[in-house]
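**Student:** Provided herewith is a single structure, encoded as structure tokens, for subsequent inquiry.
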Amino acid sequence: MKAATVFTALVAALGATALPHGKSEEKHTEPTSPNGEPYIPGQCFDRFFMLVGSGHLLNLWKQAPNGRILANYYATTHPSQVSRQNHVQPNYFAHISGTSYGWNSDSPANITGADSFTIVDLMEEKGISWAGYAEDYPISQGCYTPYAPEYANGTEVPHSYVRKHFPFISMETIYTNKTRCNNLYNAKMFWQHLKENKLPRFVY
Ligand SMILES: *[C@@H]1O[C@H](CO)[C@@H](O)[C@H](O)[C@H]1NC(C)=O
Ligand SMILES: *[C@@H]1O[C@H](CO)[C@@H](O)[C@H](O)[C@H]1NC(C)=O
Ligand SMILES: *[C@@H]1O[C@H](CO)[C@@H](O)[C@H](O)[C@H]1NC(C)=O
């Protein structure tokens, strides 16, 4: 299946169940998204979590009551981290846009104009809340556009957040829009939102 088809199917599965007649006034006292949008159950599932990480996540699915592993997923470009020549960034772009744009490097990129429409646009059209959480994101919420956090002397903090791993920040439709940037969080906020029952419907 093409990535764009997968996205459309995913958004449909997360799409709101039509409320039965006469129940449109029904208030959900259940969870909300981080920004307070109401909780709306989905057609097939209520939340979608996309976890990106190394091998230690591989067995996580076994712990879920109905866990499944989709083992037929392949990177769109060279496998990550085999050597410095194999760039990871294009794979991350594809996570949310369905294409690598033919990009072949890890250097900071701005994807602009119509190219920067992503799954975020499909979801917002359907009122599906979303957020991206990144480990060591240098701010707790909002737009952080530099490549990596830096010490006061200007050197990059090693083994920390890097922009190539957080595709949202490279999309013009997101980095120019404060409301959308406010859906980008440091991963610590994930645990807070989980505790407060405020996780969005699509969690990256
Ligand atoms: C991306 O756009 C931002 C905001 O306009 C700008 O500050 C930054 O230099 C651009 N980065 C690249 C890699 O083009
Ligand atoms: C910059 O600061 C960091 C943290 O204090 C330090 O570890 C690093 O060696 C410094 N780098 C340079 C080039 O001074
Ligand atoms: C910014 O994002 C919000 C939330 O997605 C959207 O409603 C608004 O139209 C966007 N603004 C612009 C200028 O694109």
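**Student:** Going through segment 98-124 one residue at a time, which ones are away from ligand 1 (no atom under 16 Å from the Cβ) and assigned to a helix (DSSP H, G or I)?
**Tutor:** Answer for segment 98-124, where residues must be away from ligand 1 (no atom under 16 Å from the Cβ) and assigned to a helix (DSSP H, G or I): Ala114, Ile119, Val120, Asp121, Leu122, Met123, Glu124.
**Student:** Please tell me if Asp136 is under 19 Å from the mean Cα position of the chain (by Cα), surrounded by 14 or more Cβ atoms within 10 Å (Cβ to Cβ) and away from ligand 1 (no atom under 16 Å from the Cβ).
**Tutor:** yes
**Student:** Next question. Could you say whether any residue in segment 185-197 is touching a strand residue (DSSP E or B) at 6+ places or on another chain (Cβ under 7 Å), over 29 Å from Phe45 (Cβ atoms) and open to solvent by less than 10 Å² (accessible area, probe 1.4 Å)?
**Tutor:** No, segment 185-197 has no match at all.
**Student:** Looking only at segment 120-162, count how many residues are touching a residue at least 60 places away in the same chain (Cβ under 8 Å) and closer than 13 Å to Ala187 by Cβ.
**Tutor:** Matching residues across segment 120-162 total 3.
**Student:** Moving on to the next point. Do you know which residues across segment 163-184 are within 16 Å of ligand 3 (Cβ to nearest atom), outside any loop (DSSP other than H, G, I, E, B) and in contact (Cβ under 8 Å) with a residue 60 or more places away in the chain?
**Tutor:** Phe168, Met171, Glu172, Tyr175, Arg180
The values are calculated or read from the model by the stated rules, or taken from the named source; none is laboratory data. Not measured: the values here are computed from a predicted model. When we count neighbours, we look across all protein chains shown, and the Cβ atoms used for this are built from the backbone with ideal geometry, even at glycine. SASA here: full protein model, heavy atoms, side chains in, ligands and nucleic acids out. Shrake-Rupley method; radii C 1.70, N 1.55, O 1.52, S 1.80 Å.
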